[in-house]
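**Student:** The following block contains the structure, expressed as structure tokens.
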Amino acid sequence: MSSTLFTPYKLGPVTLRNRTIRSAAFESMGKDFGPTRQLKDYHVAVARGGVGMTTLAYAAVCRSGLSFNKQLWLRPEIVPGLREITDAVHREGAAAAIQIGHCGNMTHWTTAVRGMKRREIEQVARDFGTAVRTARDAGFDSVEVHAGHGYLISQFLSPYTNHRHDEYGGSLENRMRFMRMCLGEAVEAARACGMAITVKHNMYDGFKGGIEIPESIEIAKVIESFGVDGIVLSGGFVSKAPMAVMRGLIPIYT
């Protein structure tokens, strides 16, 4: 316990009791886009185990950002249920975070997939700010913006999925435009609410024609310029190269 790992750490405005964080890995413990007792018990157990902060995953910023009904849809109706979780986590001495994002073209199979209209792009960017404020109402200390793994922000960034011919496509600067909009809204809301904010970022997409390390570094510099409190480095595209995300002894056929 004398290791630096077990010393307090200041993540933006939030002081963690140590430097361990339960990452935002999808639990599949929601129901009807809301929290459950199972989800609460899981994160309370993690907090009781001594982690500095535990992170709920994946919470959609709007209805169109959902893939499964076991995911969370971050909206006022589920604030009381989420507050039960954050209060319980805090009683165990840990901080609570929530990952926010939009699944983009991996939305529910009954929804037609098409290019987004400009007004839709602007609205989803605003939804990121609204989601941060809702997370604060629910008692969370920090939010993680999901900009990797082939979800919507990542789909704008990657040349594999971004085939637009307007100001949101083509050059890397254009492909980063939507990310800048989302981060602008989310960071402003987080600072106003006194919350920490981090961003999950792809180092690489995991296949030819996707994001590679050189572009990833440029994207990371832009993310850093927003004054975020941390960048969560990851990689892979769940719809194209899932093994780049989930390394290890995985049953490939399954």
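The values are calculated or read from the model by the stated rules, or taken from the named source; none is laboratory data. This one's a predicted model, so the numbers in the text were calculated from it and none came from an experiment. Heads up, the Cβs are rebuilt from the backbone with ideal geometry, glycines too, and the neighbour counts pull from every protein chain shown. Only protein heavy atoms, including side chains, enter the accessible area calculation; ligands, DNA and RNA are left aside. Shrake-Rupley method; radii C 1.70, N 1.55, O 1.52, S 1.80 Å.
**Student:** Which residue pairs have Cβ atoms closer than 8 Å, lie 6 or more positions apart in sequence or on different chains, and pair a first residue in segment 209-221 that is closer than 16 Å to residue 240 by Cβ with a second residue that is of a type in the set (Val, Ile, Thr)?
**Tutor:** These pairs meet every condition: 211/219.
**Student:** Another question about this same structure. Would segment 68-75 turn up any residue that is closer than 22 Å to residue 178 by Cα, touching a Ser or Thr at 6+ places or on another chain (Cβ under 7 Å) and buried (at least 24 other Cβ atoms within 10 Å of the Cβ)?
**Tutor:** The answer is yes, given that some residue of segment 68-75 is closer than 22 Å to residue 178 by Cα, touching a Ser or Thr at 6+ places or on another chain (Cβ under 7 Å) and buried (at least 24 other Cβ atoms within 10 Å of the Cβ).
**Student:** Within segment 169-188, does at least one residue satisfy the condition of being farther than 13 Å from residue 125 by Cα, out of contact with any Gly (no Cβ under 9 Å at 6 or more places or on another chain), open to solvent by less than 10 Å² (accessible area, probe 1.4 Å) and not β-branched (Val, Ile, Thr)? Spell out how you get there, then give the answer.
**Tutor:** Within segment 169-188, the subset farther than 13 Å from residue 125 by Cα is 169-175.
Right, trim to out of contact with any Gly (no Cβ under 9 Å at 6 or more places or on another chain) and you get 169-174.
Narrowing the set further to residues that are open to solvent by less than 10 Å² (accessible area, probe 1.4 Å) leaves 169.
Applying the additional criterion that residues be not β-branched (Val, Ile, Thr) yields 169.
Yes, there is a match, as at least one residue in segment 169-188 is farther than 13 Å from residue 125 by Cα, out of contact with any Gly (no Cβ under 9 Å at 6 or more places or on another chain), open to solvent by less than 10 Å² (accessible area, probe 1.4 Å) and not β-branched (Val, Ile, Thr).
**Student:** Now for a separate question. Looking at residue 132 and the list (1) touching a Pro at 6+ places or on another chain (Cβ under 6 Å); (2) surrounded by 19 or more Cβ atoms within 10 Å (Cβ to Cβ), which single condition is not satisfied?
**Tutor:** Result: residue 132 fails condition (1) only.
**Student:** Okay, next question. Scan segment 184-198 and give yes if some residue there is in a helix (DSSP H, G or I), more than 14 Å from the chain's Cα centre (by Cα) and over 19 Å from residue 98 (Cβ atoms), otherwise no.
**Tutor:** Yes: one or more hits.
**Student:** Checking residue 21 against (1) closer than 16 Å to residue 143 by Cα; (2) free of Cβ contacts under 8 Å to residues at least 24 places away in the same chain, which test does it fail?
**Tutor:** (2)
**Student:** Select the helices (runs of 4 or more DSSP H) contained entirely in segment 41-160, then report the ones holding at least 2 residues which are acidic (Asp, Glu), over 30 Å from residue 217 (Cα atoms) and touching a residue at least 40 places away in the same chain (Cβ under 8 Å). Steps first, answer last, please.
**Tutor:** On the way: elements: 79-91, 118-137, 152-157.
The qualifying helices (runs of 4 or more DSSP H) are 79-91.
**Student:** Right, here's the next one. Any idea which of 139, 169, 148 is of a type outside the set (D, E, K, R) and under 15 Å from the mean Cα position of the chain (by Cα)?
**Tutor:** Values: 139 fails: under 15 Å from the mean Cα position of the chain (by Cα); 169 fails: under 15 Å from the mean Cα position of the chain (by Cα).
Unique residue meeting the criteria: 148.
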